[in-house]
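Trainee: Okay, handing you the structure first.
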Amino acid sequence: MPVRPAAPAAPAAPAAAPAAPARPTTRSRAGRAGHGPSSRLRHPRLLGVAGGLAGLALLAGCASAPSEAGPSGSAAAGENCARMVTNSGGLDDRSFNQSSWAGLQKAEKDDGIQARVLVSTTENDLAPNVAQAVGSGCGFVLTVGYELAPATEEQAAANPDIDFAIVDETVDAPNVKPILFDTAQASYLAGYLAAGVSKSGKVATFGGGNQPPVTLFMDGFSDGVDAYNAAHDTSVQLLGWSKEAQDGSFTGDFEDVNKGKQLAQALIDQGADVIMPVAGQVGEGAASAALATGGVNVIWVDNDGYDTLPAEYRPVVLTSVIKDTEKAVQQIAVSSTDGTFTNEPYVGTLDNGGVDIAPFHDLESSVSPELSAELDALRDQIASGAVTVTSPSQP
């Protein structure tokens with residue numbers, strides 16, 4: 001989940017009330033049937049994300065776009081096709097690029113929306129790939145991550161009849177829908193779980209960069225640890241992050257697995273036996289360190305690491321903080337074809353099923369029935385608003 005390059009850390013201001021979302025906007029396109037009334041999407045709960053990428057039709061880098069031919073051989077209508085542009089982390093990132101593409105694949109399989117992806121491998125690919133996506137003639141363009149915000153904003157302004165969506169970032173435009181996730185809510189459950197299973201009394205988290213999409217996870221994790229301590233009169237210690245200072249341990253990178261392994265090992269050497277890396281592919285290094293050490297588990301983020309990490313790491317994956325990017329992308333892509341698309345931000349929460357924690361898989365026996373019941377109760381309390389999870393980084 002590469003994000004904006006980290007700036008020198010400064011003390012964070014107290015959490016402010018979130019800004020009101022942009023007023024939903026609907027538009028008509030030439031050749032489109034009249035729009036129906038704007039509507040919110042339904043979000044079933046997700047406890048897993050499809051990760052298979054074999055046999056995908058890809059548009060790598062800035063290669064020329066394929067012919068848009070429909071079943072009859074005529075040019076495909078823009079209403080029925082979609083393009084996605086990855087950030088520079090590439091497609092198979094075990095993170096939000098992979099999950100976003102899975103969503104468009106579902107829209108193709110289930111809803112007949114022809115989907116293609118343009119894979120960016122460097123920052124120089126970003127703007128040209130968004131321009132190429134627009135040039136395909138498709139009515140829906142999905143971009144992923146902060147790096148693509150400037151190009152998305154530029155192309156959206158120049159092409160008001162195309163619907164855009166951007167994952168994990170906000171672009172304020174009448175034809176751009178931000179896809180955001182309040183991951184602090186699910187991370188709260190993960191922190192509570194980590195504290196409940198820790199045998200050393202020390203758990204840890206680290207990030208790829210000190211930026212809101214990353215620290216949002218870390219804030220929730222910190223609060224969950226604190227909640228467990230308060231409920232059980234324990235003193236489990238969190239390493240790697242201070243919510244109060246809004247600073248902690250970062251690799252400064254989202255792709256170098258070795259950096260993740262080195263930082264995770266340093267945390268393990270300090271006694272941590274559960275680690276949550278929030279660093280995209282770098283997090284695989286934490287799983288490697290945990291496996292090599294023994295007696296250490298990891299909590300993955302974005303999608304179910306049990307499914308997306310190499311199978312050798314399954315024995316150390318305790319759970320994952322999941323963002324239901326796949327379902328959100330599928331439904332928003334469909335909304336672009338059926339007249340219900342708006343620019344109102346989608347925010348995934350525990351209440352709408354947009355975020356959650358994954359099953360415990362092979363480590364289910366390490367989670368007592370009592371602890372599991374506490375997590376279920378907390379999930380319901382957060383979803384209902386009885387327990388409030390806050391962070392300066394919340395969408």
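The values are calculated or read from the model by the stated rules, or taken from the named source; none is laboratory data. Please read all numbers here as calculations on a predicted model, not as lab measurements. Here the Cβ is made from the backbone with ideal geometry for all residues, glycine too, and neighbour counts use every protein chain on show.
Trainee: Among the numbered criteria (1) surrounded by 23 or more Cβ atoms within 10 Å (Cβ to Cβ); (2) within 19 Å of residue 101 (Cα to Cα), which single criterion is violated by residue 334?
Mentor: If we test residue 334 against (1) surrounded by 23 or more Cβ atoms within 10 Å (Cβ to Cβ); (2) within 19 Å of residue 101 (Cα to Cα), just (1) comes out false.
Trainee: Those residues that are of a type in the set (Ser, Thr, Tyr) and touching a Leu at 6+ places or on another chain (Cβ under 8 Å), I need them from the stretch 355-393; list them, please.
Mentor: Scanning the stretch 355-393 gives 366, 391, 393.
Trainee: Among the strands (runs of 3 or more DSSP E) confined wholly to the stretch 99-180, which include 1 or more residues that are outside the structural domain of residue 84 (by TED's automatic domain parsing)?
Mentor: So the answer is none; nothing clears 1.
Trainee: How many residues does the stretch 329-352 contain that are closer than 19 Å to residue 172 by Cβ and part of a loop (DSSP other than H, G, I, E, B)?
Mentor: So the count comes out to 5.
Trainee: Follow-up. Would you be able to tell me the number of residues in the stretch 308-323 that are in contact with a His (Cβ under 8 Å, 6 or more places away or on another chain) and either among the hydrophobic types (A, V, I, L, M, F, W, C) or at pLDDT below 95 (or both)?
Mentor: 1
Trainee: Looking only at the stretch 209-235, filter to residues that are among the charged types (D, E, K, R) and either within 19 Å of residue 299 (Cβ to Cβ) or part of a helix (DSSP H, G or I) (or both); which one of those is nearest to the chain's Cα centre (by Cα)?
Mentor: The selected residue is 219.
Trainee: Only one of these is closer than 25 Å to residue 351 by Cβ and either modelled with pLDDT under 95 or crowded, with 24+ Cβ neighbours inside 10 Å (or both): 117, 176. Name it.
Mentor: The unique qualifying residue is 176.
Trainee: Step by step: first the residues of the stretch 128-155, then only those that are among the aliphatic types (A, V, I, L, M) and farther than 11 Å from residue 88 by Cα, then the one that is surrounded by the most Cβ atoms within 10 Å (Cβ to Cβ). Which residue is that?
Mentor: 142
Trainee: I would also like to ask the following. What residue, among those in the stretch 337-366 that are in contact (Cβ under 8 Å) with a residue 60 or more places away in the chain and among the polar types (S, T, N, Q), is surrounded by the fewest Cβ atoms within 10 Å (Cβ to Cβ)?
Mentor: 366
Trainee: Can you confirm whether the stretch 189-203 contains a residue that is in contact with a helix residue (DSSP H, G or I) (Cβ under 8 Å, 6 or more places away or on another chain), surrounded by 19 or more Cβ atoms within 10 Å (Cβ to Cβ), among the aromatic types (Phe, Trp, Tyr) and under 28 Å from residue 90 (Cβ atoms)?
Mentor: No, there is no match, as no residue in the stretch 189-203 is in contact with a helix residue (DSSP H, G or I) (Cβ under 8 Å, 6 or more places away or on another chain), surrounded by 19 or more Cβ atoms within 10 Å (Cβ to Cβ), among the aromatic types (Phe, Trp, Tyr) and under 28 Å from residue 90 (Cβ atoms).
Trainee: Just to be sure, is residue 271 surrounded by fewer than 23 Cβ atoms within 10 Å (Cβ to Cβ) and in the same structural domain as residue 209 (by TED's automatic domain parsing)?
Mentor: Taking the combined requirement at face value, the residue satisfies it.
Trainee: A follow-up question, please. So which of 290, 286 ends up being outside any loop (DSSP other than H, G, I, E, B), buried (at least 24 other Cβ atoms within 10 Å of the Cβ) and either touching a Leu at 6+ places or on another chain (Cβ under 9 Å) or not assigned by TED's automatic domain parsing to the domain that holds residue 202 (or both)?
Mentor: 286
Trainee: Another one. Could you tell me which of the residues 226, 247 is surrounded by fewer than 19 Cβ atoms within 10 Å (Cβ to Cβ), in contact (Cβ under 8 Å) with a residue 60 or more places away in the chain and more than 30 Å from residue 332 (Cα to Cα)?
Mentor: Unique residue meeting the criteria: 247.
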